[in-house]
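Undergrad: Questions regarding the structure given below will be posed in turn.
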């Protein structure tokens, strides 16, 4: 089975820098595993690597989907698998990089998601309940149906809360049940997993600085431009930073409250990411505070062992 390197970790942990240096040394190309970087025109808030940062390394699944378009986990698995095959066909090494645990899990465990059509009547029913009783009520309902799946999602993640409920309504099975059934086939490749972690206080400090930089670089203006350019982009606007800016533009938050909320929600997201990645078997952890060269040595040593 052909080998694919994976570098995962929480937001602001240094995945981009490490993966690009690795790609330069092993003739690699990068497949993004980020549910927000796929969207066009969403650059500042998603911390997309710039052309300069990419240093000529080809990246796949970045800037490839309109914010108005629905992009499912099944879509990601199909397109990421195609990208990996394309890289291997060139004789290069695929490096999957990102922090979206749900996307990554579909690859490393070979999960096949059923393409379930959205039941618009049921979606409208859920929206009515949310308007009357709040999203927390729907989260609690999802938890009763599928506690395991609900543990992995935030009580604010409307898209995934709806998904848990919609899957159960459409199939009579829980999302967790369907995932377990779909794992029987197994993955298409031999994934070698590396996770980046660091002292929590240092990570949170980096997150706070990153948010300040996003604001300075024009995140508010980016959201205003998106709002003018696209009619509807509900999924994309669930992204961290974007929904808080919308609240600010709607007058629900002051600018300082918006910034603090983005920082707080991003810190919480990083904590959930780490919880998700820690459950992976056979993952080698790297310290994000160590020099890149030291982490590259650990990666090279393990790659040599697994050849």
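Undergrad: Give me the mean projected area, in nm² to one decimal, of the convex hull enclosing the Cα positions of the range 114-258.
TA: Averaging across all directions leaves 12.4 nm² for the Cα convex hull.
Undergrad: Then there's this: Based on C-alpha coordinates, I'd like the Rg and Dmax of the range 174-284, in Å.
TA: Expressed in Å, the Cα Rg and Dmax of the range 174-284 come to 18.3, 50.
Undergrad: What's the Cα-based Rg to Rh of the range 120-182, Rh via Kirkwood?
TA: Ratio value, two decimals: 0.96.
Undergrad: Taking the range 45-88 as the region of interest, what is the percent of Cα-Cα pairs per 10 angstrom bin, listed from the shortest bin to the one with the maximum distance?
TA: In whole percents, the pair-distance histogram is 22, 47, 31, 1.
Undergrad: Hey, what's the per residue convex hull volume over the C-alpha atoms of the range 147-233, in cubic angstrom?
TA: 206 Å³
Undergrad: Please provide three numbers in whole Å: the alpha-carbon extents of the chain along the principal axes, with the largest listed first.
TA: Principal axes ranked by extent give 58, 47, 35 Å for the Cα atoms.
Undergrad: If you rank 8, 64 by fewest surrounding Cβ atoms within 10 Å, what's the result?
TA: In order of increasing Cβ crowding within 10 Å: 64, 8.
Undergrad: If you don't mind, another one. Using Cα-Cα distances under 8 Å and only pairs 6 or more residues apart, what relative contact order does the chain have, in percent?
TA: It rounds to 28 percent for the chain.
Undergrad: What translational D, rounded to a whole number of µm²/s, comes out for the range 231-307 from Stokes-Einstein when the hydrodynamic radius is the Kirkwood one over Cα pairs, at 37 °C and 0.692 mPa s?
TA: The estimated diffusion coefficient comes to 207 µm²/s.
Undergrad: Determine the distance separating the Cα centre of the range 94-158 from the Cα centre of the range 185-262; give it in Å without decimals.
TA: Measuring centre to centre over Cα atoms gives 19 Å.
Undergrad: Using the number of other C-beta atoms within 10 angstrom as an exposure proxy, rank 223, 292, 245 with the fewest first.
TA: 292, 223, 245
Computed from the coordinates by the stated procedures, all read-outs in this text should not be read as laboratory data. Bear in mind the structure is a predicted one, so any value in this text is a computation, not a measurement. Because the Cβ atoms are built from the backbone with ideal geometry, glycine has one as well, and the counts that use them run over all protein chains shown.
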